[in-house]
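These notes concern the structure reproduced below.
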Amino acid sequence: MSDDLSIDKNRAALLLMDFQNDIVTKGGALAASEDEALERIDKAIAVADNVANIARGAGIPVIHVAVGRRSGDPPQNPHMPIQRFIAQTDALVHGSDGFAFHPNAQPGPGETVIVKRSVSAFAGTDLAPQLQGQGTDTIVLCGFATHMVVEGTARDAADRGYRVIVLEDCCASGGLDRHTAALENIGMIGEVRNSQDFIAAIS
(Lines give C-alpha, C1' and ligand atoms only; values in the text may rest on other atoms or scores of the structure.)
Protein backbone atom coordinates (compact mmCIF):
# COMPACT_ATOMS: atom_id res chain seq x y z
CA MET A 1 0.00 0.00 0.00
CA SER A 2 1.24 3.48 -0.77
CA ASP A 3 0.20 5.16 2.49
CA ASP A 4 2.37 4.66 5.55
CA LEU A 5 1.06 2.57 8.41
CA SER A 6 0.89 4.33 11.77
CA ILE A 7 0.75 2.35 15.02
CA ASP A 8 0.77 3.52 18.63
CA LYS A 9 3.09 0.93 20.17
CA ASN A 10 1.65 1.57 23.62
CA ARG A 11 -1.84 0.56 22.50
CA ALA A 12 -1.08 -2.37 20.19
CA ALA A 13 -0.73 -6.13 20.61
CA LEU A 14 0.50 -8.78 18.18
CA LEU A 15 -1.37 -12.10 18.08
CA LEU A 16 0.13 -15.32 16.68
CA MET A 17 -2.73 -17.77 16.28
CA ASP A 18 -3.08 -21.54 15.85
CA PHE A 19 0.50 -22.19 14.73
CA GLN A 20 0.23 -25.67 16.27
CA ASN A 21 1.68 -28.95 15.09
CA ASP A 22 -1.65 -30.67 14.43
CA ILE A 23 -2.63 -27.73 12.22
CA VAL A 24 0.52 -26.59 10.41
CA THR A 25 3.06 -29.42 10.55
CA LYS A 26 3.26 -32.18 7.94
CA GLY A 27 1.41 -35.23 9.20
CA GLY A 28 -0.66 -33.23 11.69
CA ALA A 29 -4.30 -34.27 12.05
CA LEU A 30 -5.58 -31.09 10.38
CA ALA A 31 -2.50 -30.14 8.36
CA ALA A 32 -2.32 -29.75 4.60
CA SER A 33 -0.84 -32.68 2.70
CA GLU A 34 0.39 -30.83 -0.40
CA ASP A 35 4.05 -29.79 -0.38
CA GLU A 36 3.21 -26.44 -2.00
CA ALA A 37 0.75 -25.59 0.77
CA LEU A 38 3.15 -26.70 3.50
CA GLU A 39 5.88 -24.51 2.01
CA ARG A 40 3.57 -21.47 2.05
CA ILE A 41 2.60 -22.21 5.64
CA ASP A 42 6.23 -22.59 6.75
CA LYS A 43 7.10 -19.30 5.06
CA ALA A 44 4.24 -17.49 6.83
CA ILE A 45 5.36 -18.91 10.19
CA ALA A 46 8.95 -17.80 9.59
CA VAL A 47 7.86 -14.27 8.70
CA ALA A 48 5.52 -14.14 11.72
CA ASP A 49 8.35 -15.29 13.99
CA ASN A 50 10.57 -12.48 12.69
CA VAL A 51 7.77 -9.96 13.21
CA ALA A 52 7.26 -11.23 16.76
CA ASN A 53 10.94 -10.75 17.58
CA ILE A 54 10.86 -7.18 16.27
CA ALA A 55 7.62 -6.47 18.17
CA ARG A 56 9.24 -7.72 21.38
CA GLY A 57 12.12 -5.36 20.83
CA ALA A 58 9.69 -2.49 20.36
CA GLY A 59 7.87 -3.29 23.59
CA ILE A 60 4.69 -4.54 21.91
CA PRO A 61 3.03 -7.47 23.74
CA VAL A 62 3.05 -10.75 21.81
CA ILE A 63 0.10 -13.02 22.57
CA HIS A 64 -0.07 -16.64 21.45
CA VAL A 65 -3.40 -18.30 20.71
CA ALA A 66 -3.99 -22.05 20.60
CA VAL A 67 -7.04 -24.25 20.18
CA GLY A 68 -7.18 -27.16 22.59
CA ARG A 69 -9.37 -29.82 24.15
CA ARG A 70 -9.24 -32.77 26.50
CA SER A 71 -9.06 -36.25 25.00
CA GLY A 72 -12.53 -37.72 24.61
CA ASP A 73 -14.36 -34.41 24.93
CA PRO A 74 -17.31 -34.05 22.55
CA PRO A 75 -17.31 -31.09 20.14
CA GLN A 76 -18.17 -27.85 21.89
CA ASN A 77 -20.52 -27.18 18.97
CA PRO A 78 -21.53 -30.47 17.31
CA HIS A 79 -23.08 -28.51 14.44
CA MET A 80 -19.61 -27.38 13.28
CA PRO A 81 -18.04 -29.93 10.89
CA ILE A 82 -14.49 -28.86 11.80
CA GLN A 83 -15.16 -29.43 15.50
CA ARG A 84 -16.68 -32.85 14.79
CA PHE A 85 -13.58 -33.78 12.79
CA ILE A 86 -11.25 -32.64 15.58
CA ALA A 87 -13.18 -34.77 18.07
CA GLN A 88 -13.26 -37.81 15.75
CA THR A 89 -9.48 -37.67 15.22
CA ASP A 90 -8.80 -36.77 18.88
CA ALA A 91 -6.64 -33.88 17.70
CA LEU A 92 -5.30 -30.85 19.58
CA VAL A 93 -5.35 -32.55 22.97
CA HIS A 94 -3.81 -30.51 25.79
CA GLY A 95 -0.27 -31.66 26.46
CA SER A 96 0.12 -33.57 23.21
CA ASP A 97 2.71 -32.89 20.53
CA GLY A 98 -0.14 -31.96 18.18
CA PHE A 99 -1.34 -29.26 20.59
CA ALA A 100 2.19 -27.81 20.94
CA PHE A 101 3.24 -24.72 19.01
CA HIS A 102 5.37 -25.11 15.89
CA PRO A 103 9.10 -24.91 16.73
CA ASN A 104 9.36 -21.56 14.90
CA ALA A 105 6.38 -20.04 16.73
CA GLN A 106 7.29 -20.59 20.35
CA PRO A 107 6.16 -18.16 23.08
CA GLY A 108 8.87 -16.08 24.66
CA PRO A 109 9.42 -15.99 28.43
CA GLY A 110 6.40 -14.62 30.24
CA GLU A 111 4.29 -14.17 27.11
CA THR A 112 0.56 -14.75 27.32
CA VAL A 113 -0.92 -17.94 25.88
CA ILE A 114 -4.67 -17.97 25.24
CA VAL A 115 -6.34 -21.36 24.78
CA LYS A 116 -9.68 -21.42 22.97
CA ARG A 117 -12.10 -24.15 21.95
CA SER A 118 -13.64 -22.57 18.87
CA VAL A 119 -12.66 -20.29 15.96
CA SER A 120 -12.26 -16.74 17.29
CA ALA A 121 -9.51 -16.01 19.80
CA PHE A 122 -12.14 -14.15 21.84
CA ALA A 123 -14.67 -17.02 22.03
CA GLY A 124 -14.81 -18.32 25.60
CA THR A 125 -11.41 -16.88 26.56
CA ASP A 126 -10.12 -14.02 28.70
CA LEU A 127 -8.44 -12.30 25.74
CA ALA A 128 -10.74 -9.25 25.85
CA PRO A 129 -10.10 -8.40 29.53
CA GLN A 130 -6.38 -8.96 29.06
CA LEU A 131 -6.30 -6.52 26.15
CA GLN A 132 -8.40 -4.06 28.11
CA GLY A 133 -6.00 -4.30 31.04
CA GLN A 134 -3.10 -3.47 28.74
CA GLY A 135 -4.93 -0.49 27.25
CA THR A 136 -4.90 -2.14 23.82
CA ASP A 137 -7.10 -0.78 21.06
CA THR A 138 -5.17 -2.15 18.05
CA ILE A 139 -4.61 -5.84 17.38
CA VAL A 140 -2.25 -7.12 14.71
CA LEU A 141 -3.07 -10.63 13.53
CA CYS A 142 -0.94 -13.48 12.19
CA GLY A 143 -2.05 -17.08 11.93
CA PHE A 144 -3.28 -20.19 10.20
CA ALA A 145 -5.74 -20.45 8.67
CA THR A 146 -6.52 -17.07 7.15
CA HIS A 147 -10.13 -18.08 6.45
CA MET A 148 -10.64 -19.54 9.96
CA VAL A 149 -8.95 -18.11 13.06
CA VAL A 150 -7.64 -14.96 11.34
CA GLU A 151 -10.89 -13.93 9.68
CA GLY A 152 -12.98 -15.13 12.63
CA THR A 153 -10.92 -13.17 15.15
CA ALA A 154 -10.81 -10.12 12.88
CA ARG A 155 -14.60 -10.04 12.61
CA ASP A 156 -15.06 -10.56 16.35
CA ALA A 157 -12.49 -7.87 17.19
CA ALA A 158 -14.04 -5.37 14.80
CA ASP A 159 -17.45 -5.95 16.40
CA ARG A 160 -15.84 -5.24 19.78
CA GLY A 161 -14.46 -1.90 18.58
CA TYR A 162 -10.80 -2.80 18.02
CA ARG A 163 -8.69 -1.54 15.17
CA VAL A 164 -7.76 -4.68 13.26
CA ILE A 165 -4.59 -5.08 11.18
CA VAL A 166 -3.89 -8.38 9.41
CA LEU A 167 -0.39 -9.08 8.10
CA GLU A 168 -1.03 -10.98 4.88
CA ASP A 169 2.43 -12.57 4.63
CA CYS A 170 2.16 -13.83 8.22
CA CYS A 171 -1.00 -15.79 7.41
CA ALA A 172 -1.81 -18.75 5.19
CA SER A 173 -4.54 -21.21 4.28
CA GLY A 174 -4.22 -24.68 2.82
CA GLY A 175 -5.76 -23.33 -0.37
CA LEU A 176 -4.42 -20.09 -1.83
CA ASP A 177 -7.93 -19.18 -3.04
CA ARG A 178 -9.26 -19.33 0.53
CA HIS A 179 -6.41 -17.15 1.76
CA THR A 180 -7.07 -14.55 -0.93
CA ALA A 181 -10.83 -14.53 -0.40
CA ALA A 182 -10.43 -14.14 3.36
CA LEU A 183 -8.10 -11.17 2.94
CA GLU A 184 -10.65 -9.52 0.64
CA ASN A 185 -13.31 -9.99 3.31
CA ILE A 186 -11.06 -8.67 6.07
CA GLY A 187 -10.33 -5.56 4.00
CA MET A 188 -13.94 -4.50 4.60
CA ILE A 189 -13.62 -4.57 8.40
CA GLY A 190 -9.93 -3.85 8.99
CA GLU A 191 -6.59 -3.20 7.35
CA VAL A 192 -4.66 -5.77 5.31
CA ARG A 193 -0.94 -5.00 5.35
CA ASN A 194 2.32 -6.92 5.21
CA SER A 195 5.18 -7.51 7.60
CA GLN A 196 7.36 -4.77 6.15
CA ASP A 197 4.60 -2.19 6.69
CA PHE A 198 4.36 -3.26 10.32
CA ILE A 199 8.11 -3.30 10.90
CA ALA A 200 8.45 0.18 9.41
CA ALA A 201 5.61 1.47 11.57
CA ILE A 202 7.18 0.31 14.85
CA SER A 203 10.84 0.94 14.06
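The values are calculated or read from the model by the stated rules, or taken from the named source; none is laboratory data. A quick note: this is a predicted structure, and the numbers were derived from the prediction, not measured. Don't worry about glycine lacking a Cβ; one is built from the backbone with ideal geometry, like all the others, and counts go over all protein chains shown. Side chains included, ligands, DNA and RNA excluded: accessible areas come from the protein's heavy atoms. Shrake-Rupley method; radii C 1.70, N 1.55, O 1.52, S 1.80 Å.
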Fill in the blank from the handout: Note: Arg160 to Val113 extended length (0.36 nm per residue) minus current alpha-carbon separation gives 14.9 nm
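Determine the sum of side-chain charges near Asp73: Lys and Arg each +1, Asp and Glu each -1, restricted to other residues whose C-beta is under 10 angstrom from that of Asp73.
Working: positive: Arg69, Arg70, Arg117; negative: Asp90.
Taking every other residue near Asp73 into account, the sum is +2.
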Problem - Farthest positive-ward along segment 1-104 dipole, Cα basis, beta-carbon charges - from Ser6, Ile60, Ile23 - result: Ile60
Fill in the blank from the handout: With the label point 7 Å along the Cα-to-beta-carbon line of Ser203 and a cut-off under 18 Å to each amide N, the hits in segment 1-26 are 1-9
Exercise for the section: Could you calculate the FRET efficiency of Asn194 with Arg70 from 1/(1 + (r/R0)^6), where r is the beta carbon distance between them and R0 is 30 Å, rounded to 0.05? Expected result: 0.20
Handout entry: Amide proton proximity set for Lys116, modelled H, under 5 Å, gap of 5+
Key = Ala66, Val67, Gly68
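Hey, how much of the P(r) for the chain falls beyond 28 Å, as a percent of Cα pairs?
Working: 4093 of 20503 pairs.
Result: 20 percent of Cα pairs exceed 28 Å.
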Handout entry: Accessible area (Å², per residue) of segment 110-200, counting only protein heavy atoms and a probe of 1.4 Å
Key = 40
Problem - Per the chain, cysteines lacking a partner by the 4.7 Å Cβ criterion - result: Cys171
Fill in the blank from the handout: Cα-Cα pairs in segment 20-64 separated by more than 16 Å, as a whole percent of all pairs, come to 46
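What translational diffusion coefficient, in µm²/s and rounded to a whole number, does the Stokes-Einstein relation yield for segment 44-101 at 20 °C and a viscosity of 1.002 mPa s, taking the hydrodynamic radius as the Kirkwood radius over Cα pairs? Working shown, then result.
On the way: Rh = 13.5 Å.
Value of D from the Cα-based Kirkwood radius: 159 µm²/s.
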Problem - Accessible area expressed per residue, segment 1-99, with surrounding protein chains retained (probe 1.4 Å, Å²) - result: 50
Problem - Karplus-derived 3J(HN,Hα), 6.51/-1.76/1.60, for each residue of segment 188-203, Hz, glycine and proline x - result: 8, 10, x, 10, 9, 10, 10, 4, 5, 4, 5, 4, 5, 6, 9, 7
Problem - Note, ³J(HN,Hα) from phi for segment 54-68, Karplus 6.51, -1.76, 1.60, rounded to Hz, x at Gly and Pro - result: 5, 4, 4, x, 8, x, 8, x, 10, 10, 10, 10, 10, 10, x
Handout entry: Share of carbon and sulfur in the accessible heavy-atom surface of segment 83-171 [1.4 Å probe, %]
Key = 49
Completion exercise
When the chain is treated as a Gaussian network with springs between alpha carbons less than 10 Å apart, the largest mean-square fluctuation among Asn77, Asn104, Asn21 is found at Asn77
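Mind checking the dipole of the chain: about its Cα centre, +1 per Lys or Arg Cβ, -1 per Asp or Glu Cβ, Debye to the nearest 20?
Values: 16 positive and 26 negative charges, 123 e Å.
Roughly 580 debye for the chain.
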Practice task
Could you state, as a whole-number percent, how many of the C-alpha pairs of segment 108-190 are farther apart than 18 Å?
Solution key: 40
Practice task
Please calculate the 1.4 Å probe accessible area of Phe101, with all protein chains present, and give it to the nearest 10 Å².
Solution key: 30
Problem - Using θ = phi - 60° and Karplus 6.51 cos²θ - 1.76 cosθ + 1.60, couplings along segment 160-165 (whole Hz; Gly, Pro as x) - result: 8, x, 7, 7, 10, 10
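Which percent of the accessible area of segment 17-61 is formed by carbon and sulfur heavy atoms (probe 1.4 angstrom)?
Ligands and nucleic acids excluded, carbon and sulfur give 50 percent.
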Handout entry: Charge-dipole axis of segment 1-154 as Lys and Arg at +1 and Asp and Glu at -1 on Cβ define it, positive-most pick from Val115, Val140, Ala105
Key = Val115
